[in-house]
Amino acid sequence: MAALFRLFSPPPVITAFQPIHFPLPLFSSPKIDTNSRKFRHRISVSKFGNFLDLNPESKPDFLDFDLPCFHSSDRSLFDVIVIGTGPAGARLAEQLSTRGIKVCCVDPSPLSMWPNNYGAWVDELHSLGLDDCFDRIWPLCSVFIDDSNIKFLRRPYGRVSRKKLKTKLIENCVVNGVKFHKAKVWRVDHKEFESCVVCDDGNEIRGSLVVDASGFGSTFIEYDKPRNCGYQIAHGILAEVETHPFDLDKMVFMDWRDSHLGNEPYLRASNSRFPTFFCMLCHLPQT
Ligand SMILES: Cc1cc2nc3c(=O)[nH]c(=O)nc-3n(C[C@H](O)[C@H](O)[C@H](O)COP(=O)(O)OP(=O)(O)OC[C@H]3O[C@@H](n4cnc5c(N)ncnc54)[C@H](O)[C@@H]3O)c2cc1C
């Protein structure tokens, strides 16, 4: 049995150390199966914050595809070069290539599985034709406003299957003739009628348009003012537990309660300044 805990919070100042919040007032605490296959870390459950001290053993996972590769001898001009094959880049490449646009995707590891656990509203992925890419759907979501207020959202929410989603997008890209180049982009040079993507392996790829889908840490976008955007931090923890206090028909979508911080005045003060505002907590079926 496994449970996925995700916690979003806006500024980074305190959140990296924010304890994962279990709904203590309503339920008994979950027991962590420390002997399980996935959890081989010595942890104490007396403080939930210890979840964040875990150093998960991540096992790289790859899709099994023969990708059509860009060849350095190919001097032709792509219509669009997409930097990054995360969810944004892969979907963009898929959609452009479906419309006959000649696309090249550049990513250091285009076949590696995305690291994050994603969740989405079922109707949203449905409208994108991607509703076969969930591996678990909850018909109801709960939102804990405080210890005595719970709201239920009658809008199905699902856990995205990274494997199904990435497989579907890359498969469509391959069918539509997208070329892939396994490298990191170093810089983008813009000329009058084309742009040139310079990669860390020395290759240069020419395109009419370059789309930066390299994620939030992009170094390719230039700003005319110092960048001061809002952002959030997400922690994803997949824990295997012996028992759990959750209702299997509902996903805890948001949990604003902070009564568990009663003995931690420092955390409580920080929390009211930069509240932890989002928590996705769900039960995954036994595998
Ligand atoms: C634990 C966790 C849970 C999350 N859950 C959700 C969720 O439920 N829903 C949601 O909408 N968002 C969620 N997010 C936010 C999530 O990160 C983004 O929504 C999503 O990953 C953004 O996709 P992307 O394709 O823009 O960027 P990324 O996923 O960051 O992909 C960027 C890609 O670009 C590649 N790249 C980077 N630099 C270069 C370079 N120089 N050259 C070539 N390639 C490069 C990287 O290798 C990577 O493959 C979550 C984040 C975390 C950490």
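The values are calculated or read from the model by the stated rules, or taken from the named source; none is laboratory data. All values derive from a computational prediction rather than experimental measurement. Note: ideal-geometry Cβ built from the backbone for every residue, glycine included; neighbour counts use all protein chains shown. The area values use the complete protein model at the heavy-atom level, side chains included, leaving out ligands, DNA and RNA. Shrake-Rupley method; radii C 1.70, N 1.55, O 1.52, S 1.80 Å.
Applying the Karplus parametrisation 6.51 cos²θ - 1.76 cosθ + 1.60 with θ = phi - 60° to the phi angles of segment 115-122, what ³J(HN,Hα) value in whole Hz is obtained for each residue in order, glycine and proline being reported as x?
Each residue's phi maps through the Karplus curve to give x, 7, 8, 9, x, 7, 5, 4 Hz.
Return the sequence-ordered ³J(HN,Hα) values of segment 257-263 in whole Hz as given by the Karplus equation 6.51 cos²θ - 1.76 cosθ + 1.60 applied to θ = phi - 60°, using x for Gly and Pro.
5, 9, 5, 5, 8, x, 8
When you count, for each residue, the other Cβ atoms within 10 Å and take the mean per peptide, how do 101-107, 176-182 rank with the highest first?
Order by mean packing, descending: 101-107, 176-182.
Between LYS191 and CYS69, take the C-beta separation as r, use R0 = 41 Å, and let me know the FRET efficiency to the nearest 0.05.
That gives a FRET efficiency of 0.95.
If I stretch the segment between ARG227 and ASP123 completely, what's the gain in nm (0.36 nm per residue apart, minus their alpha carbon distance), one decimal?
Details: separation 104, 0.36 × 104 = 37.44 nm, distance 3.36 nm.
Roughly 34.1 nm would be gained on extension.
Keeping every protein chain present and rolling a 1.4 Å probe, give me the accessible area per residue for segment 124-249 in Å².
Ligands and nucleic acids excluded, the result is 61 Å² per residue.
Can you send over the carbon and sulfur percentage of the accessible area for segment 169-247, probe radius 1.4 Å, protein chains only?
Numbers: 2550 of 5100 Å².
Solvent-exposed carbon and sulfur of segment 169-247 make up 50 percent of the total.
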